[in-house]
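A quick write-up on the structure given underneath.
The values are calculated or read from the model by the stated rules, or taken from the named source; none is laboratory data. What you see is a predicted model, and the numbers here were worked out from it, not measured in a lab. We place every Cβ from the backbone using ideal geometry, glycine too, and count neighbours over all the protein chains shown. What goes into the accessible areas is simple: the full protein's heavy atoms, side chains included, and nothing from ligands, DNA or RNA. Shrake-Rupley method; radii C 1.70, N 1.55, O 1.52, S 1.80 Å.
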Amino acid sequence: MIINTNVLGEIEIDSKDIVHFPKGIPAFEEYKQYVIIPLDEKSPFYYLQSVQKPDLCLIIAQPFVFFPDYEIEIADDELQILDVNGEAADLAIYLILTIPEDFRLTTANLLAPIVVNPKNRQAMQYVTVNVKYSTRHPIFRSESMAAAAKEGD
Amino acid sequence: MLVLSRKIGESIIVGDNIEISIVDIQGDNIRIGIDAPKSIKIFRKEVYEDIQAENKRASGDLDQMKTGLQKLKEFKPMGNQRGGDGHVD
């Protein structure tokens, strides 16, 4: 099927690739179907594009490239929502990025990652109970940004 | 909305297995204890509002997102590429 998107234009998707968020995601609760499209091969970045709403698109990233120590614990009851039978380790975890005008100040939402069961493509934005995580962690360390800024972009 | 008064040490039962008790009151600060099954998600309302607001911000400006993503892709920060260790200082 072909879907219309603001960011990627018209794209063809396979209905088998649609990821279902039974509860939607906070702020966009009514939209439950998305596709996850890699930015390009080997990139840690992906588009999370709504199938229903062309202008609803989020950038998500693999957490461990930027936060190697990132860890979340998902309660058994939550795993049931995703219909996980085997190991929780099989789940795919992504962080939603907020990219401001100065992209070097991009932040990641560590508090509430996107969790996908690749086997049945059931997904949710999971709210971790870990108090050390917030919705806005810089993905680059400040010293590396400063060094890059000195280089003159 | 049901509104009722409670004193310190008193509690409220919700459904079959949730008990909410008033632990302490200091001025306008009230400490609440909640006994509930693990399957019941409990968090401060601000947490959910914070996530809603961040999702809106993250998807707010698609042009900025596109430009930023392109730069992000090409960006090779000096030294340590990774962000913080995930801890809030």
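Only protein heavy atoms count here; under a 1.4 Å probe, A:Val131 has an accessible surface of about 140 Å². Please go through the residue pairs A:Lys53/A:Lys119; A:Lys16/B:Lys71; A:Lys32/B:Lys38 and name each one whose alpha carbons sit more than 29 Å apart in this structure. Table pairs above 29 Å Cα-Cα are A:Lys16/B:Lys71. Based on C-alpha pairs under 8 angstrom that are at least 6 apart in sequence, chain A has a relative contact order of 18 percent. Short-range pairs are left out: with C-alpha atoms under 8 Å and at least six residues apart, the relative contact order of the range A:39-124 is 23 percent. Of all aspartates and glutamates in the structure, the ones whose alpha carbon falls short of 18 Å from that of A:Lys42, not counting any fewer than 8 places away in one chain, are B:Glu74. Here the range A:5-75 is treated with +1 on each Lys and Arg Cβ and -1 on each Asp and Glu Cβ, and its dipole about the Cα centre works out to around 140 debye. Taking the Cα centre of the protein assembly as shown as origin and assigning +1 to Lys and Arg Cβ atoms and -1 to Asp and Glu Cβ atoms, the resulting dipole is close to 240 debye.
Working note: Karplus 6.51/-1.76/1.60 with θ = phi - 60° gives the range B:8-15 the couplings 4, x, 8, 9, 10, 9, 10, x Hz, where Gly and Pro are set to x. The apolar share of the surface of the protein assembly as shown, taken as the fraction of accessible area on carbon and sulfur atoms (1.4 Å probe, ligands and nucleic acids excluded), comes to 49 percent.
A 1.4 Å probe run over the protein chains yields, for the protein assembly as shown, 58 Å² of accessible area per residue, whole-number rounding. For the range B:31-61, the set of trypsin sites (Lys or Arg not before Pro) satisfying both a DSSP loop assignment and a count of at most 16 other C-beta atoms within 10 Å is given as B:Lys38, B:Lys41, B:Arg44.
Going toward the positive end of the dipole of the protein assembly as shown, with +1 on Lys and Arg Cβ and -1 on Asp and Glu Cβ, which of B:Ile30, A:Leu39, A:Phe103 do you reach last? Going by the charge dipole, the pick is A:Phe103.
Within the full protein context, the accessible area of A:Glu71 is estimated at about 110 Å² for a probe radius of 1.4 Å.
With solvent modelled as a 1.4 Å probe, how much accessible area in total do chains B and A shield from it at their shared surface, in Å² to the nearest 100?
Summing both sides, the interface buries roughly 4100 Å².
Taking the centroid of alpha carbons for each part, the range A:95-137 and the range A:26-82 are 7 Å apart.
With just the Cα atoms defining each centre, how far is the range B:9-26 from the range B:34-66? Give it in Å. Their Cα centres are 26 Å away from one another. Against the criterion of solvent-accessible heavy-atom surface with a 1.4 angstrom probe, A:Phe67, A:Phe28 sort, most first, into A:Phe28, A:Phe67. With helices as the sole contributors, the protein assembly as shown gives -5500 deg cm²/dmol at 222 nm; each DSSP H run of n ≥ 4 counts as -39500 (n - 2.57), and the sum is divided by every residue. For the range B:1-59, the relative contact order is 20 percent, taking Cα pairs closer than 8 Å that sit 6 or more residues apart in sequence and dividing their mean separation by the residue count.
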